[in-house]
Amino acid sequence: MVQVGVVGGTGYVGAELIRLLSNHNKIKISGISSTSYEGKSINSLYPGFYNLKELVCEKDDEVIKRSDLIFLALPSGVSEPIVEKAVAKDKICIDMGADFRFKNESSYKKWYGKNFITPKLHESSVYGLPELNREYIKKSRVIGNPGCYATSVQIGVLPLISEGLIEEKGIIADCKSGLTGAGKTLSESSHFVNCNESFSAYKVANHRHTPEIEENLNSVSKEGVKLTFIPHLIPINRGILSTIYTTPKGPIDIEKIHQKYCEFYKEEPFVRILPLGEVSKINNVRLSNYCCISIHYDSENNKLIIISCLDNMIKGAAGQAIQNMNIVLGFDEKEGLTALPAVF
């Protein structure tokens, strides 16, 4: 059994990791850490984890010492020194924040206000989108787990970008997310009275997932991707729906585009391409590691529209991290992640 630790195990993503890992047949949770709740058991914080009373929050160093692989479910800008320490002890690290999502240090500094502490560590790290970087993930010791919006948008347009089928500038990603995407810490926008019966955009044309999406799509583009990304909060717990508007480069045969998507993702265990005429919905992916895609064409305005849905806490965070763990450890990629979406 591989010993797996969770640093930052009491936030929403950390708790979701623990929930999913508890059903994984190849690993044992070796420990969890929390600065705020040191000494408390996870079931005292989340009573639904009543079978995990032996998991008590410790210091980071204790968890690192006992683990072969470590998930870091921490705010962006906090993980890098911990990863440096863990890698020096020959541990594999999967970072859930943004510290290892960028190869371009200037982009990271512009959007997160920090420099890379250990540039060599970034040179060897891999962006953990399996549908893009699976072969690199297999060999990596440091994996930067993608952002939730970024996962939805990139999976949505990868076939079009990689085959040069659309204009790479002028893409519009209109995305909606449930409130868990904002994290456990309460803010004015996540108060019940401010989000219930409401629907609001935020960080308009200024969201940190924009450069992440562009940098990684540019690894397969020919001209350089530029997109307008607008995120919105909707009053549900979990889920992301991304409506992506693109302009085709030439005449469109929607049947052939659909066929290209089916071919592109035919070996991907967690990407579902819906039949033409169906529309992706959040409640068809909720509580699963699946990304569901539907393809549409507006002939009046010559717009190819992709709708990409996923559960932001699973395929957009904890589930994708476990998928990366399975890849790097040589397990079946689907291990621990085969639960079907909730029906209601």
- Task: Using only Cα atoms, tell me the angle between helix 148-162 and the longest principal axis of the chain; keep it within 0 to 90° and round to the nearest 10.
- Result: 40
- Message: For a quick check: sort Ile240, Ile282 by the number of other beta carbons within 10 angstrom, fewest at the front.
- Response: Ile282, Ile240
- Item | Highest-MSF residue in the chain out of Leu129, Leu158, Leu276 [GNM, Cα springs under 10 Å] | Leu276
- Item | Potential extension, Ile254-Ser198 segment - 0.36 nm per residue separation minus Cα distance | 16.7 nm
- Say we join alpha carbon atoms closer than 10 Å with springs in a Gaussian network model of the chain; which of Gln323, Gln154, Gln259 then has the biggest fluctuation? Gln259
- Item | DSSP-defined antiparallel bridges as percent of all bridges, the chain, nearest 5 | 45
- Between Rg and the Kirkwood Rh of segment 138-185, both from Cα atoms, what is the Rg to Rh ratio? 1.08
- For Met96, Met325, Met1, what's the fewest-to-most ordering of other Cβ within 10 Å of each Cβ? Met1, Met325, Met96
- Restricting the count to DSSP beta bridges whose residues both fall in segment 149-312, what percent are antiparallel, rounded to a multiple of 5? 70
- Task: For the chain, with a Gaussian network of springs between Cα atoms less than 10 Å apart, report the residue from Ser152, Ser221, Ser125 with the top mean-square fluctuation.
- Result: Ser221
- Message: Given R₀ = 51 Å, what would the calculated FRET efficiency be for Val343 paired with Ala88, taking r from the Cβ atoms and rounding to 0.05?
- Response: 0.65
- Task: Between the alpha-carbon centers of segment 1-76 and segment 286-342, tell me the distance in whole angstrom.
- Result: 24
- Relative to the longest principal Cα axis of the chain, at what angle does helix 319-329 sit, 0 to 90 degrees, rounded to 10? 70
- Rank by packing, highest mean first: peptides 143-150, 296-303, 50-57, with packing defined as the count of other Cβ atoms within 10 Å averaged across residues. 143-150, 50-57, 296-303
- Message: For the chain, what does the helix formula give at 222 nm: sum of -39500 (n - 2.57) over DSSP H segments with n ≥ 4, over the residue count, nearest 500 deg cm²/dmol?
- Response: -8500 deg cm²/dmol
- Item | Relative contact order [Cα under 8 Å, 6+ residues apart], the chain, whole percent | 17
- Task: Grab the other residues whose beta carbon is less than 15 angstrom from that of Phe344, score K and R as +1, D and E as -1, and report the net.
- Result: +2
- Query: Hey, fewest Cβ within 10 Å first, where do Thr243, Thr180 land in order?
  - Reply: Thr243, Thr180
- Message: For the chain, take the longest principal axis of its alpha carbons; what is the angle in degrees between that and the long axis of helix 254-264, to the nearest 10 within 0 to 90?
- Response: 30
- Item | Three semi-axes of the equivalent ellipsoid, segment 159-270, Cα gyration tensor, whole Å, largest first | 31, 16, 13
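Bear in mind these aren't lab numbers, they're just calculated from the coordinates by the rules spelled out. Everything quoted here is computed from the prediction, not taken from an experiment. Note that we place each Cβ from the backbone using ideal geometry, even for glycine, and neighbour counts take in every protein chain shown.
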